[in-house]
Amino acid sequence: MIDFSGSEARITESTLVIGLVLPDVMGTYGDGGNALVLRQRARLRGIDAEVLPITLADPVPATCDIYTLGGAEDYAQRLATRHLTQYPGMQEAAAKGAPVLAICAAIQVLGHWYETSEGERVDGISLFDLTTTPQAERSIGEIEGVPLIDGLTQPLTGFENHRGGSALGPDAAPLQRVVRGTGNGAGAAVDGVVQGSVLGTYMHGPALARNPELADHLLSRATGRSLEPLDLPDVELLRRERLRK
Ligand code: GLN
């Protein structure tokens, strides 16, 4: 787990607070890196930003400016679901428009319910109008797609590894049309979900390191302002390499 010790002490009135939700149980494939990318891209623009880790030992505050959650194995996912149900701070913040980024297992936890690979049904927190059931085959590999939401123009890229497949209800829209990989489930041809200020994807990577435009989309929602572009050749190089494979 990334050490953010001392970050709480540096938070002031004007700090952009990035809530890293349950990194102790939800952080497969370095998804905590999404919070770091948000912090770095904010700081490069002169915005004071800190990552606030929220563990199973902490109630979830409703005061963060943005929240990120990573993927997890079935048991860890269940612990996270129980904690978020007991402490609904993130749900309160989302209802007021705070952006939330949910990766893989977190999509499932944020839905109405998910069925584990053992066939047990677990109630989620219903931030997304979706349900999740195990697919016949685990989906593992690269995802690439075309964004379907306003404000995103560049292809999206990530790595998926999940058994669950998510079916979207009428209040949820997909994030991208998949041109490589599985995304939400066999036959769906789409990945991810967008509902109000809450956004989910099956892309690990971490997703925001691979997709800076998506990072800035979330940051701009969190700060309530449009952001000047950043010229970062190394980030562009990484993207080009990932998209070529
Ligand atoms: N346990 C979930 C599944 O297999 C999510 C896995 C993940 O987050 N990578 O569907």
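Brief remarks on what is shown
- Taking other C-beta atoms within 10 angstrom as a stand-in for reagent exposure, 67, 75 fall in the order 75, 67, fewest first.
- Segment residue 120-residue 57, length gained on full extension (0.36 nm per residue, minus Cα span): 20.1 nm
- For the chain, built as a Gaussian network whose Cα springs stay under 10 Å, the top-fluctuating residue of 193, 100, 122: 122
- Karplus (6.51, -1.76, 1.60) ³J(HN,Hα), θ = phi - 60°, over segment 98-111, in Hz, Gly and Pro reported as x: 5, x, 9, 10, 10, 9, 6, 3, 5, 4, 5, 5, 7, x
- Note on segment 104-245: with charges restricted to the Cβ of Lys and Arg (+1) and Asp and Glu (-1), its dipole about the Cα centre is near 280 debye.
- Note on 104, 64: ascending count of other Cβ atoms within 10 Å places them as 64, 104, the fewest first.
- In this Cβ point-charge picture (+1 for Lys and Arg, -1 for Asp and Glu), the chain has a dipole of about 440 debye about its Cα centre.
- Extension gain for the segment residue 8 to residue 79, taken as residue separation times 0.36 nm less the Cα-Cα distance, is 23.2 nm to one decimal.
- Listed by Cβ neighbour count within 10 Å, with the fewest neighbours leading, 48, 31 appear as 48, 31.
- Computed helical MRE - 222 nm, the chain, DSSP H runs ≥ 4 contributing -39500 (n - 2.57), nearest 500: -7500 deg cm²/dmol
- Highest GNM mean-square fluctuation among 22, 38, 79, for the chain modelled with Cα contacts below 10 Å: 79.
- For the options 21, 235, 194, a Gaussian network treatment of the chain with springs between C-alpha atoms closer than 10 Å singles out 235 as fluctuating the most.
- Per-pair calculated FRET efficiency, R0 = 30 Å: residue 129 and residue 189 via Cβ, rounded to 0.05: 0.95
- Cα pair distances in segment 89-245, grouped into 10 Å bins until the bin that holds the longest one, percent each: 11, 41, 35, 12, 1
Bear in mind these aren't lab numbers, they're just calculated from the coordinates by the rules spelled out. For clarity, every value in this text was computed on a predicted model and none was experimentally measured. For neighbour counting, all protein chains shown are included, and Cβ atoms are generated from backbone atoms with ideal geometry for every residue, glycine included.
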